[in-house]
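The values are calculated or read from the model by the stated rules, or taken from the named source; none is laboratory data. From a predicted model like this one, the values you see are computed outputs, not experimental measurements. Note: ideal-geometry Cβ built from the backbone for every residue, glycine included; neighbour counts use all protein chains shown.
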Amino acid sequence: MQSWFPENVSTYGGDVDGIFWFIFYITTVWFFLTEGLILYFIFRYRRKPGQKAAYVRGDTLGQLAWVFVPVVIVAVLDFFIDLHGAEVWAKIKGQLPPADLVVRATGKQFNWEFTYPGPDGKFGTADDLQLDNELHVPVGKVVRVVLTSKDVIHSFFLPNLRLKQDVVPGREITAWFEVTKPGHYEIPCAELCGFGHSGMNGVLSAHTPEDYERWLKDKWPEK
Amino acid sequence: MTTHTATASQTAIPSAKTGTWWFLASEIPVFGGLIASYVVLRLGGGGWAEAVSHVNFSLGLVNTFLLLTSSMTIVMAFAAVQDNNPQRTGAFLGLTVLLGLGFLVIKAIEYSTEITHGFVPSSGIFWSFYYGMTGLHALHVLAGISVNLVLWVTALRGSLAQHSYRVEAAGLYWHFVDIIWIFLFPLLYLT
Amino acid sequence: MTDAAVDPERTHHHKLGFWRTYVFSTDHKTIARQYLTLGLLWAIVGGLLTYSMRWQLAYPETEVPGWGFIAPDVYNALVTMHGTIMVFFVAMPILLAAFGNFLIPLMIGAQDMAFPRLNMLSFWVFATASVVLLSSFFVPGGAAAAGWTGYPPLSAKAEYTGVGWGMNLWLLALALEFASFLMGGVNFLTTTMNMRAPGMTFFRLPLIIWMELTAAVIFMLSVGPLIAGAVMLLMDRILGTTFYLPEGGGEPLLWQHLFWFFGHPEVYVLLLPGLGIVLEVITVFGRKPVFGYRTIIYSTIVAGFLSFIVWAHHQFVSGMDPRLAMPFSITTIIISVPFAIVIFAIIATLWRASITFATPMLFAVGALGVFIFGGLTGIFNGSAPVDIYVHDTYFVVAHFHYTLFSAVFFGGFAGIYFWFPKMFGRMMNEALGKIHFWFTFILFNSVFIPMHLVGLRGMMRRIANPMQYEFLKPLQPLNQFITLAAIVLLLSQIAFVINVFWSLAGRKAAERNPWQANTLEWSAESPPPHGNFATTPVVYRGPYEYSSPEAADDWLAQNQPLVTAKAARQ
């Protein structure tokens, strides 16, 4: 069986996975502790003839300590989960690093429309180019995506980048990413958007610098 | 069958009152949700003041006065039923019904004027809220009028005395309907 | 203080006809059985929807045996209706309406609810809601297909889904369902406040009653904004308003806030009665007091409060202001604290107990184990950065099936097997019950543990055909395994259905107190007559005096005078 996650090719993907694993180790310990205790108790304390259960009501502080001390540990671990989580959230959603490239991505029933500003770097000019379902970027560069929708709410999901952002009509939401490895990565829609939701898919083509130049020349020959 | 003995394991509040309070507790978030939505959307966007200028402030003010007065008359009806005075009870309940009907009539006049001027629910976000909130409120007013009407008829027949708690419960509901309007009026009628 | 709203039927002994006894009854026990029956019938419908959805996922674009081809828009309707039915037409009627209605008057020592006619009305409003929802399958355009969450603009304009009246009827059915449960909530709370038997103080109430009350309060205070939202959605659909449509100045995200402000507390509305059933069952079958009675009550109330301030953890990537994410992550993780207290208290209750494993106990322990797993995966979802990845994947689906299934099905079955003798006057068959439990437990985990992996590999929710995505194709073997396990899980429920009919037809009547339990319902006949108790019970102690040093037996009923117990020891 392969890794639990799809291949991560994003500069911040490792951070997301890191929080996942941090939570995983903590919760796995609690899982075995609690479930193990339950299993042990239900076997150890099976009814034996002539033996009564212990009349323990758990209404003194001494007894309740057995509950409250583990709960304090839970709370402390919770705090660290959120502390680390806050850092990663701030990195991905709380900031927009300077962009090397800006692309507009518009969701609609049932595909993605990507608009490139072209060599002049401005949208709304003659050299803009719109492609259906094809997002071309160079590796190692910060890409900003300005997200919106033409109709209903969709969700821009790049599993290999650990990026997801709902796209909402009437709003422009900017996300960012940086790809670390060339390749083709799918961009499924991750919010129910109608009968064509299943199958709504785009492709992120992350190019090496040379391939990216070639792609640019191909799309804008008179550059 | 058991006799219903007095016990120490009960609150001192009669069930009809308790039940009414819990009912109102569930109704308040309904209007709370609408009002909060209105406030948030209004604060977030522009262009509402223009739409607000088309509602009839004077009629809204009259309606506010009608409802406030009717809250007073239903309190007086409750006092009258506790004093075992069926005529006064009937009179005040009847007044409450009339004032409530007056509210609805004026609301209907407002709606028809607005509609003939082309302001319908689909005319924009303000109008969506205006019709939604006042419409839902008006339905609640209608429900209250119906309850008060039944109580009025019961009072006229002289059989309300042993059910005085019903007037109190109806009064609670009616106050709630009034208070909701106290919130709606400034939100919708004052620019 | 006499209750002025006395139902004349309570003081008269006339014989009611068939219709007034079995159909339009004001007796809380009959109403409870009606809710239970309708809820279980809807569970069958919900299960059938599961079958066709899972078949489609495992073998896309093949004919579902017994159903036919499923077009993608139909798949969306199946997904939508599965969620709606399970939450609102299975979980709510069984856990709240059936158990709450049946148990509250009996456990507090009352003759019936405070408002018996309102109670009857609440059931018939629910039945009407059921008819409305069922009819939505058969109108042109089919049933609602925008998810049980119904996000606009998809849900706000018919042309976006192709669903017309189906969606309007969906909204109407939900509105009626809400009205029904609001009426029920008024009854639950007023009855418990005002009709407890002498000696039944609040801190002598069984925990299931506390759980039902807390659930009722949470429901009543949280559903209002969704009712407001649903009115607005209906107006957008029918009157052309633009509450949720940006082209008219509206805001799609408004619905999400209104929906989840209710939606999150709602999951605790469903969870708490399930936990309550677990608590009742383990104390009886462990012959031991509950550990930390007041602690559990206070923790539950705190959790109830907290449940109102976590909602936007469903909206981390929705486009709402990213600065809201950490506050909601924090409140979400804080809510794990009171639940951890309750879970640890339940485990402590098992320590040094004296445990036997009748079917109710199997399901109760199963519920506990399954819930812990679900609660732990909740921590992943509640962490905003992790949620960027897992949101709208099958990881979320796996999480909430663990938490909900534990409360609704493991908890619900525990309750049904436990109170069946009291409700129907017959014992259920133990062998069939054990078969039912083991199949359900093993297969449930077989379905939903792999589902976590499928989600972590990125499989999105609500897609009809995973084969349309290269990165999902390798998951097909897992998806097929899940489907197979799900089908066997569904078939295993036949053991329960057979058991119900077999037991109802059985000739041997159940005793009054087959489990030797302390709470008041066990001192009434099985089933209790109209009016419940021959004389009003008098309560002397709390509900969990098992293995008490004051009693010769290992149980001591709440209404057992001490004198008799001491005398028995002489």
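What number of residues within the stretch C:198-232 are among the polar types (S, T, N, Q), facing another protein chain (nearest Cβ under 9 Å) and part of a helix (DSSP H, G or I)? Reasoning before the result, please.
Within the stretch C:198-232, the subset among the polar types (S, T, N, Q) is C:201, C:214, C:222.
Next, from what is left, pick out any that are facing another protein chain (nearest Cβ under 9 Å): C:201, C:222.
Filter again for part of a helix (DSSP H, G or I), leaving C:222.
Of the residues in that region, 1 qualify.
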Sole residue being part of a helix (DSSP H, G or I), within 14 Å of chain A (Cβ to nearest Cβ) and either within 26 Å of residue C:524 (Cβ to Cβ) or not acidic (Asp, Glu) (or both), chosen from C:51, C:75: C:75
Top-ranked residue in the stretch C:171-197 [being small (Gly, Ala, Ser) and under 21 Å from residue C:227 (Cα atoms); ranked as nearest to the other protein chains (Cβ to nearest Cβ)]: C:185
Evaluation of residue B:84 against (1) within 14 Å of chain C (Cβ to nearest Cβ); (2) outside any helix (DSSP H, G or I) (one fails), failing number: (1)
Selection count where residues are under 28 Å from residue A:26 (Cα atoms) and either at pLDDT below 95 or assigned to a loop (DSSP other than H, G, I, E, B) (or both), scope the stretch A:80-99: 1
Enumeration of residues in the stretch B:45-90 that are under 30 Å from residue C:249 (Cβ atoms) and either under 22 Å from the mean Cα position of the chain (by Cα) or modelled with pLDDT of 95 or more (or both): B:55, B:56, B:57, B:58, B:59, B:60, B:61, B:62, B:63, B:64, B:67
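Per-residue answers, yes or no, for (1) within 30 Å of residue C:532 (Cα to Cα); (2) in contact with a Ser or Thr (Cβ under 9 Å, 6 or more places away or on another chain); (3) assigned to a helix (DSSP H, G or I):
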position: C:379; (1), (2), (3): no, yes, yes
position: C:387; (1), (2), (3): no, yes, yes
position: C:408; (1), (2), (3): yes, no, yes
position: C:413; (1), (2), (3): yes, yes, yes
position: C:418; (1), (2), (3): yes, yes, yes
position: C:421; (1), (2), (3): yes, yes, yes
position: C:426; (1), (2), (3): yes, yes, no
position: C:436; (1), (2), (3): no, yes, yes
Residues located in the stretch C:223-238, provided they are surrounded by fewer than 24 Cβ atoms within 10 Å (Cβ to Cβ) and farther than 20 Å from residue A:152 by Cβ: C:231
Residue within the stretch C:334-344 that is surrounded by fewer than 21 Cβ atoms within 10 Å (Cβ to Cβ), at negative phi, part of a helix (DSSP H, G or I) and not acidic (Asp, Glu) present: yes
Number of positions in the stretch B:112-165 that are more than 13 Å from chain C (Cβ to nearest Cβ) and free of Cβ contacts under 8 Å to residues at least 24 places away in the same chain: 9
Residue, nearest to residue A:12 (Cα to Cα), within the stretch A:146-170, restricted to residues that are surrounded by fewer than 24 Cβ atoms within 10 Å (Cβ to Cβ) and more than 9 Å from every other protein chain (Cβ to nearest Cβ): A:146
Test: residue in the stretch A:58-65 that is modelled with pLDDT of 95 or more and charged (D, E, K, R): no
Pick from the stretch C:372-394, criterion more than 7 Å from chain A (Cβ to nearest Cβ) and in contact with a Gly (Cβ under 8 Å, 6 or more places away or on another chain), ranking: nearest to residue A:87 (Cα to Cα): C:390
Selected residue (only one of C:112, C:73 is in contact with a Lys or Arg (Cβ under 8 Å, 6 or more places away or on another chain) and not basic (Lys, Arg)): C:112
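Which residues, taken from the stretch C:315-327, are more than 7 Å from every other protein chain (Cβ to nearest Cβ), surrounded by fewer than 22 Cβ atoms within 10 Å (Cβ to Cβ) and of a type outside the set (Asp, Glu)?
Keep residues of the stretch C:315-327 that are more than 7 Å from every other protein chain (Cβ to nearest Cβ), which gives C:315-316, C:320-321, C:323-324, C:327.
Checking the rest, the ones that are also surrounded by fewer than 22 Cβ atoms within 10 Å (Cβ to Cβ) come to C:315, C:320-321, C:323-324, C:327.
Residues satisfying the conditions are C:315, C:320, C:323, C:324, C:327.
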Neighbours by Cβ (under 8 Å, 6+ apart or cross-chain): first from the stretch A:150-166, under 14 Å from residue A:135 (Cβ atoms); second among the acidic types (Asp, Glu) and in a loop (DSSP other than H, G, I, E, B): A:157/C:392; A:160/A:7
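Is there a residue in the stretch C:66-76 that is within 25 Å of residue C:122 (Cβ to Cβ) and out of contact with any strand residue (DSSP E or B) (no Cβ under 8 Å at 6 or more places or on another chain)?
Filtering the stretch C:66-76 for residues within 25 Å of residue C:122 (Cβ to Cβ) gives none.
Within the stretch C:66-76, not a single residue is within 25 Å of residue C:122 (Cβ to Cβ) and out of contact with any strand residue (DSSP E or B) (no Cβ under 8 Å at 6 or more places or on another chain).
Any idea which of A:50, A:62 is assigned to a loop (DSSP other than H, G, I, E, B), more than 7 Å from chain C (Cβ to nearest Cβ) and either within 17 Å of residue C:373 (Cα to Cα) or not basic (Lys, Arg) (or both)?
Sole residue among the options that is assigned to a loop (DSSP other than H, G, I, E, B), more than 7 Å from chain C (Cβ to nearest Cβ) and either within 17 Å of residue C:373 (Cα to Cα) or not basic (Lys, Arg) (or both): A:50.
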Scan of the stretch C:158-175 for residues that are crowded, with 19+ Cβ neighbours inside 10 Å and either in contact (Cβ under 8 Å) with a residue 40 or more places away in the chain or within 20 Å of residue A:190 (Cβ to Cβ) (or both), ordered by number: C:160, C:161, C:163, C:166, C:167, C:168, C:170, C:171, C:172, C:173, C:174
Where residue C:283 falls short, out of the listed (1) more than 10 Å from chain A (Cβ to nearest Cβ); (2) closer than 30 Å to residue A:55 by Cβ: (1)
Yes/no for residue A:75 being outside any helix (DSSP H, G or I) and either more than 7 Å from every other protein chain (Cβ to nearest Cβ) or under 30 Å from residue C:289 (Cα atoms) (or both): no
Exclusive hit being among the acidic types (Asp, Glu) and not assigned by TED's automatic domain parsing to the domain that holds residue A:182, set A:132, A:127, A:59, A:120: A:59
Where residue C:151 falls short, out of the listed (1) modelled with pLDDT of 95 or more; (2) closer than 27 Å to residue A:107 by Cα; (3) over 27 Å from the mean Cα position of the chain (by Cα): (3)
Residues that are of a type in the set (S, T, N, Q), farther than 26 Å from residue A:120 by Cβ and either in contact with an Asp or Glu (Cβ under 8 Å, 6 or more places away or on another chain) or free of Cβ contacts under 8 Å to residues at least 24 places away in the same chain (or both), drawn from the stretch A:167-222: A:198, A:201
Qualifying residue in the stretch A:201-222 (condition: more than 9 Å from chain C (Cβ to nearest Cβ), surrounded by 14 or more Cβ atoms within 10 Å (Cβ to Cβ), among the aliphatic types (A, V, I, L, M) and in a helix (DSSP H, G or I)): yes
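Going by what's in this entry, would residue A:30 be described as part of a loop (DSSP other than H, G, I, E, B), facing chain C (nearest Cβ under 7 Å) and either of a type in the set (S, T, N, Q) or in contact with a Leu (Cβ under 8 Å, 6 or more places away or on another chain) (or both)?
Details: part of a loop (DSSP other than H, G, I, E, B): no; facing chain C (nearest Cβ under 7 Å): yes; either of a type in the set (S, T, N, Q) or in contact with a Leu (Cβ under 8 Å, 6 or more places away or on another chain) (or both): yes.
Answer is no for this residue.
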Test for residue C:255: is it assigned to a helix (DSSP H, G or I), farther than 25 Å from residue C:174 by Cβ and modelled with pLDDT of 95 or more: no
